[in-house]
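The values are calculated or read from the model by the stated rules, or taken from the named source; none is laboratory data. Please read these numbers as outputs of a predicted model, since none were measured by experiment. All Cβ positions, glycine included, derive from the backbone under ideal geometry; neighbour counts span all protein chains shown. To get the accessible areas, we keep the full protein, side chains included, count just its heavy atoms, and leave off ligands, DNA and RNA. Shrake-Rupley method; radii C 1.70, N 1.55, O 1.52, S 1.80 Å.
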Amino acid sequence: MIAHEGLPRLLAGLNGGHAALTLADHVDIHGPLPRPNSAQLIEVIDRSGLRGRGGADFPTARKLRAVAESRRASAVVVNGSETEPASAKDGLLLSRLPHLVLDGAVLAAQAVGAPEVIVKVGDRAVRSIDALERAIAERRSDPLRTELVTGPGGYVAGEESAVMHHLNGGRSLPTFVPPRVYEKGYRGRPTLIQNPETLAQIALVARFGDRWYRELGTGADPGSALVTITGAVAAPGVYELAFGTSMRDLIAAAGGSTAPLQALLVGGYFGTWVDASRALALRLAREDLRSVGCSLGSGVLIALGESSCGLHESARVIAYLASQSAGQCGPCVYGLRAIADSFGALAEGVAHRREREQLERWSAEVRGRGACHHPDGAVRFVQSALHIFGSQIEAHQHQRCNAVPAGLPTGELKASRRRRAA
């Protein structure tokens, strides 16, 4: 089995069509599924430095070890919800490269002693559902059972406690913690929940080893990552890039900018706006991103051109996030709605004299007051938008904004249904 040199790794074998790789094609590209024991897999993942790609950036080996050490019947859940409207990376993996994700899930299940894998996706992710059904049907020789479950959309439906609540027969709403899902998750069992990219990385590290994984990236941030790059770029899409790559090179990978840039949104709608001149000097590395108060988050990079209005685009996103409240916590339900209305008034030039001061106070009061982190992520976005685009507020008060809409994507609520595959 010959290890992949350079890039692509995760996206190896991806062609220009839309069909998913068959199991035979997948094995031709990556080799057969290895069979390390639990301790071996967790150790190689630990040495690799792999961290979760779902937004929390948590060390993957620590999650594996926490479930494995419970010594109880456990479960593995693939969280393929991808409810971040601007992200497309997990959908690409599930719809085109499902066997790489399923390999990682099977390996993780064997490492933690789980007898089954549950793959949860949104019920309108038709390509992912079809690809996964075919892939699961091809894997009759797997040593455990895999079940495909669909569920509703909505921003908070992808939060891990909301996923678990749905799988256990409840509504797709976040729940208060503790207990954490690694303590009590699917059907009351210790549960490992990972996003598709993390599991795909596990499948590669298990095959080729930690030294191979660390050939790309930096000492602190080894390996590669999938990034959805969109906005004012010539070729928006999902790109695999090594950690340590400059933001300027990320934009170049997507065909370059289509207009002079004023800002980059890093990390999706729970992320942070960064002034373009500062952002383009950064690397895709935790140290660099933290220096400007942001993280890779859901793996999204949105380029905003100078001809677009950062206030109006941010107002649309904030209104969307307010509409996505689970409706369980007053500060989130009423606080985010008030914040969205106030920010909208600033964008429309109809704000009262102390609107910004009031908005900043409300944002501080809402933070940390929900069952989940929805209000925290929303106010982080608000505060970064005020910081980067605040100088435009006065101009909006005196003249109508005629900027070209950038069209930042926003999702919609989805009805629920359930589908299984043995």
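Just a few scattered comments:
- Ranking GLU5, GLU84 from most to least accessible surface, computed with a 1.4 Å probe over the protein chains only, gives GLU5, GLU84.
- Base-10 log of normalised Debye intensity for the stretch 94-159 (one unit scatterer per alpha-carbon) at q = 0.14, 0.19, 0.21 Å⁻¹: -0.42, -0.74, -0.88
- Sparsely packed GluC sites (Glu not before Pro) within the stretch 28-89, loop by DSSP, other Cβ within 10 Å at most 16: GLU69
- Label-reachable residues, the stretch 260-293, where backbone N falls under 17 Å from a point 7 Å from SER307's Cα toward its Cβ: 260-263
- Protein accessible area in the chain, 1.4 Å probe - carbon and sulfur %: 50
- Mean residue ellipticity (222 nm) of the chain, computed from DSSP H runs ≥ 4 via -39,500 (n - 2.57), nearest 500: -11500 deg cm²/dmol
- Restricting the trypsin sites (Lys or Arg not before Pro) of the stretch 306-381 to loop positions (DSSP other than H, G, I, E, B) with no more than 12 neighbouring Cβ atoms within 10 Å leaves ARG353, ARG354.
- The stretch 97-202 shape via C-alpha gyration tensor axes, a/c threshold 1.5: oblate
- Simple spin-label estimate for ASP142 and HIS352 in nanometres, 7 Å along Cα-Cβ: 5.8
- Per residue, the convex hull around the alpha carbon atoms of the stretch 294-375 comes to 113 Å³.
- Computed from Cα atoms alone, the Kirkwood hydrodynamic radius reported for the stretch 159-211 is 12.3 Å.
- Amide H contacts under 5 Å for GLY231, placed H, 5+ residues apart: ALA303
- FRET E, pair ASN402, SER323, Förster distance 30 Å, beta-carbon r, rounded to 0.05: 0.70
- Geometric extent, Cα atoms of the stretch 73-116 - Rg, Dmax (angstrom): 12.0, 36
- Fraction in percent of alpha-carbon pairs per bin - 5 Å, the stretch 226-333: 2, 12, 23, 23, 18, 10, 6, 4, 1
- Evaluated over the chain, the Cα radius of gyration and Dmax, each in Å: 21.4, 68
- Simple spin-label estimate for ARG71 and ASN15 in nanometres, 7 Å along Cα-Cβ: 5.2
- Rounded, prolate or oblate (a/c below 1.5 giving rounded, otherwise prolate when a/b exceeds b/c) for the stretch 3-156 by Cα gyration tensor: rounded
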